[in-house]
Amino acid sequence: MFSQGGPVIATGSQSLGESQDDGGHTVIQLTENFRLNPDLGEFVATIYSRQFKPQKAQSRSLAPKLTGIVHMSEANKGTHDLGVNRNVLRTVQVFLLGLSDVMLRRPQSVLKPPRFSGLKMPIAEMEDSPTDPNHQPVSLSLLRLRTWSSTVGQQFGYETHVHGEAALTASLVAALRYCTPDDDIFVATPHRVQREAVKTALARLKRPDQPLEDRFERLGVGEQNGYLQNVTVDTVERLQGSEASFVICLFSLPELHSADLCFLLGRRRLNVAISRAKTLCILITSTQVLCPPVSVFANEETGKGYAFLKAYEDRAWSYDVSVDVGAL
């Protein structure tokens, strides 16, 4: 929790811890957390003086739901157009199936495992949360995005990269809506140009074919509006104070582009975006952000943000994604 100009007092917990935010303001920290899953809570607490005591465990139903992504292609064989690039959607399906395998403790070779597990309290110690040997909670995931073009060469601007980032995001939203249609989704963007690109990409989405009875059950004001009614796309600042089951965070840059690094590596901005997630956070970033030029560390606050980002990377299941922006 952060303050713009004074102390912030958090209430409703049996135990509180005191720390300071990046601006030197006093923050009274909840040490019992009823919203974040244990692994996400442990990560967020790395910037505070005390660890959270998790009071929530990830639902065991998530993994089987994600497995259902295999039926998305089967339900849309032939010429049916989902409004997303098929190659990008196929990549997203592989990623989500990999996450499902990890959660179900099945062997998989798609995702790179975390380098560090910071959980100090086994989930079995949480009230009403017995250990399930067949379930591994995963709340932190990371996609390393590389954009390239088969038509204009490797030299293209930031806005072209943003269209590739938006295409990946739209495929993630389409896949998550297919697997978990009742859960809400946030797309958190540092820049307004990213927000508008994602909204444009989502506007092209077409609802997958479903049995007639399912269409009547889920019909909203309009079929397309009903399909995306639980999806919110906005800047990080405007999402502060709210939460969603799934949060997709957009913190990537194209190769040889470093102008926005100090902005993206703001620890407060990263923390607000990531901590909106109740079930799963999907952080989209890139090598340019994860391995920045040494010059960006001249700014102490940027260094703190980079350390926070690397701590996330160390705890996340990750996957490398390549998007041909020339084919979008």
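The values are calculated or read from the model by the stated rules, or taken from the named source; none is laboratory data. Since the model is a prediction, treat every value here as computed from it, not as a measurement. As a convention, Cβ positions derive from the backbone with ideal geometry for all residues, glycine included, and neighbour counts pool all protein chains shown.
Here are a few things to note about the model shown:
- When the residues of the range 261-306 are filtered to those that are more than 11 Å from the chain's Cα centre (by Cα) and not in a helix (DSSP H, G or I), the one that is nearest to residue 100 (Cα to Cα) is 286.
- Some residue of the range 264-272 being in contact with an Asp or Glu (Cβ under 8 Å, 6 or more places away or on another chain) and within 23 Å of residue 320 (Cα to Cα): no
- With respect to the conditions (1) surrounded by fewer than 17 Cβ atoms within 10 Å (Cβ to Cβ); (2) in contact with a helix residue (DSSP H, G or I) (Cβ under 7 Å, 6 or more places away or on another chain); (3) at pLDDT 95 or above; (4) of a type outside the set (Asp, Glu), residue 269 lacks only one, and its number is (1).
- Residue in the range 307-323 that is nearest to the chain's Cα centre (by Cα), counting only those that are under 20 Å from residue 169 (Cα atoms) and surrounded by fewer than 17 Cβ atoms within 10 Å (Cβ to Cβ): 320
- Within the range 176-210, the set of residues being in contact with a strand residue (DSSP E or B) (Cβ under 6 Å, 6 or more places away or on another chain) and in a loop (DSSP other than H, G, I, E, B) comprises 183, 184.
- Flag for residue 326 being of a type in the set (Gly, Ala, Ser) and in contact with a Gly (Cβ under 8 Å, 6 or more places away or on another chain): no
- Any helices (runs of 4 or more DSSP H) falling wholly within the range 32-119 and containing at least 1 residues that are closer than 30 Å to residue 268 by Cβ and modelled with pLDDT of 80 or more: 38-44, 62-67, 86-103
- Condition check for residue 288 on (1) touching a residue at least 40 places away in the same chain (Cβ under 8 Å); (2) surrounded by 21 or more Cβ atoms within 10 Å (Cβ to Cβ); (3) of a type in the set (S, T, N, Q): one failure, at (1).
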